[in-house]
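Below is one structure; the comments refer to it alone.
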Amino acid sequence: MSLYEFLGTMEVGFIFGLVALGTFLTFRVLDFPDLTVEGSFPLGAAVTAAGIVTGGWNPWIATLAAPVAGFAAGWVTAYLNVRFKILHILAGILVAISLYSINLRIMAGPNKPLLGTRTVLSSFEGLGYPTYMVTPIFFGVVLLVTKLLIDAFMRTGVGLSMRATGANPAMAAANGIDTGRMRLIGVGIANALCALSGALFAQLFGAADAYMGIGVIIVGLASVIVGMAIVPSRLVHQATLACIVGALLYRFAVSTALNADVLGLKASDVQLVTAVLVVATLILQQSGGFGRLFTRKR
């Protein structure tokens with residue numbers, strides 16, 4: 001793997017690290033299986049692309065608008081579950097399907113190209129350093145700041161209440177915690193992170209597409225599962241670090257598999273590689289394979 005390919009894999013891994021952190025909040029903290037991310041990821045890309053190209057917004061403002069839209073999408077999913085008792089998985093599917101049509105309307109078509117327009121990455125062009133080196137650093141800083149903010153948030157009263165809601169909703173409610181409100185906030189924040197990830201992804205690759213959210217939930221789950229199987233994750237700051245490590249390992253595993261000529265895989269096989277990676281991780285985790293790999297024999 002060349003340096004260019006290595007840094008390219010790193011920057012995509014950092015972007016999907018945001019998705020992994022959002023998946024961690026819903027699946028691990030709140031115990032709320034949420035499929036909205038397959039709609040909120042392209043929603044963030046659509047809002048940012050439309051804001052930059054059609055609205056003429058400053059790219060930083062357009063990028064910040066993405067998590068706001070993502071929070072709203074997650075809030076609607078949680079509201080359907082809390083207020084109308086719709087099953088969380090079904091609520092997420094319904095919102096994701098609705099977002100597909102909404103994204104088409106926002107972009108006035110199935111995609112919105114960003115080539116030739118100013119993005120947040122354009123701000124680093126005059127620094128005198130190659131773009132392929134500066135971009136991973138920028139995405140890494142965004143991911144690190146997000147991780148630290150989540151760690152700090154989880155130590156607040158709201159964060160602790162959210163963790164209690166996911167661990168034991170009945171006991172949390174008995175202690176005066178508004179569990180419905182915690183779900184609204186938690187699912188909203190998770191989808192805000194996914195929408196921000198989509199906004200950055202679109203600016204990196206030069207286009208927003210209505211279909212770019214397909215399989216994103218699997219990427220998030222794979223990152224969380226792989227990371228927590230390898231990195232100790234009993235504490236919150238360890239768990240968020242595990243999500244980031246998992247996202248990077250996932251991207252490197254996929255990149256290595258697709259570039260291995262002996263396997264004969266193509267770019268269209270990425271979903272197959274993801275499924276095999278998750279299945280292998282779950283099998284090793286259940287059989288104690290990771291414990292044997294990372295424990296020294298005495």
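Where a number appears in this text, it was derived from the coordinates with a stated rule and is not lab data. Here the structure is a predicted model, which means the values were calculated and not measured. Virtual Cβ from ideal backbone geometry, glycine too; neighbours counted across all protein chains shown.
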Quick one: order Glu125, Glu11 by neighbouring beta-carbon count within 10 Å, fewest to most. Glu125, Glu11
Scan around Gly215 for amide H atoms under 5 Å from its own, H built in the peptide plane at 1.01 Å from N, and keep only partners 5 or more places away or cross-chain. none
Among Val82, Phe153, Ile106, flag the residue with its Cα farthest along the positive direction of the charge dipole of the range 72-165, charges on Cβ as +1 for Lys/Arg and -1 for Asp/Glu. Val82
Computed about the Cα centre, the charge dipole of the range 123-216 from +1 Lys/Arg and -1 Asp/Glu charges at the Cβ has a magnitude in debye, to the nearest 20, of 360
Between Gln238, Gln286, Gln203, where does the largest GNM mean-square fluctuation fall for the chain, given springs only between Cα atoms within less than 10 Å? Gln286
Based on the mean of other beta carbon atoms within 10 Å per residue, what is the order of 20-28, 33-41, 105-113, most packed first? 33-41, 20-28, 105-113
Which net charge results when you count Lys and Arg as +1 and Asp and Glu as -1 among the other residues whose beta-carbon is under 14 Å from that of Leu80? +2
Taking Ile225, Ile218 and counting other C-beta atoms within 10 Å, the order from fewest to most: Ile218, Ile225
Whole-number Å³ per residue for the convex hull built on Cα positions in the range 92-179: 171
What do you get for Rg/Rh over the chain if you use C-alpha atoms and the Kirkwood form of Rh? 0.98
Using only helices, what value at 222 nm comes out for the chain when you add -39,500 (n - 2.57) per DSSP H run of length 4 or more and divide by the total residues, to the nearest 500 deg cm²/dmol? -24500 deg cm²/dmol
Give me, ordered by chain and number, the residues 5 or more places off Ala208 or on other chains with an amide H under 5 Å from its own placed amide H. Lys112, Leu114
For the range 240-248, Karplus couplings with θ = phi - 60° (6.51, -1.76, 1.60), whole Hz, Gly/Pro x: 5, 5, 4, 4, 5, 4, x, 5, 5
Can you run phi through the Karplus equation (6.51, -1.76, 1.60; θ = phi - 60°) for the range 278-287 and list ³J(HN,Hα) in whole Hz, with x for Gly and Pro? 5, 4, 5, 5, 5, 5, 5, 5, 6, 8
Rounded to the nearest 20 debye, dipole of the range 3-213 from Cβ charges on Lys, Arg, Asp, Glu: 540
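From Cα pairs below 8 angstrom and at least 6 apart in sequence, can you work out the relative contact order of the chain, rounded to a whole percent?
It rounds to 33 percent for the chain.
Counting other beta carbons within 10 Å of each Cβ, put Asp151, Asp209 in order, fewest first.
Going from sparsest to densest Cβ surroundings: Asp151, Asp209.
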